[in-house]
Amino acid sequence: MKLNLLFALFLSTVLFACKNSGSNTDTVETTHKDSVAAVPKQPFEGVEFASKKDVACGMMLTAGVTDTAHYNGKVYGFCSKECKADFQKTPDAFLASKYRQ
Ligand SMILES: [Zn+2]
């Protein structure tokens, strides 16, 4: 009778220990923030543009440059491919416009 009781006690402590170690392993899964946002806000950061504005639409380039065009050895930034396409049709007309700086 005494042996049975000891055995039961032993068994319950083993089970309890197993339960404890099992629940501890779940708490290691909440540290991966850096892998997501390595994309720069400004893909053309550091590029010297000939104008501070999108010469096709007049938008400030600080708002975002998605495309660039080279003309007469200068780099012009554009908010969209459409603006770049417009500029390339008649670059001189755009450069003579009020947006030129
Ligand atoms: Zn534009």
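What follows is calculated from the coordinates using simple rules that are stated; it is not laboratory data. As the structure is a prediction and not an experimental result, all values here were calculated from the model. Ideal geometry is used to build each Cβ from the backbone, glycine not excepted, and the neighbour counts take in all protein chains shown.
Before moving on, here are some points about what is shown:
- Charge sum, other residues only, whose C-beta stays under 9 Å from T66's C-beta, Lys/Arg counted +1 and Asp/Glu -1: +1
- Cut-off 15 Å between beta-carbons: net charge of the residues surrounding K81, Lys and Arg +1, Asp and Glu -1: -2
- Summarising the amide proton neighbourhood of K53: residues at separation of 5 or more, or on other chains, whose placed amide H is nearer than 5 Å comprise L61.
- Cα-projected label distance for A85 with T66, points at 7 Å along beta-carbon direction, nm: 1.2 nm
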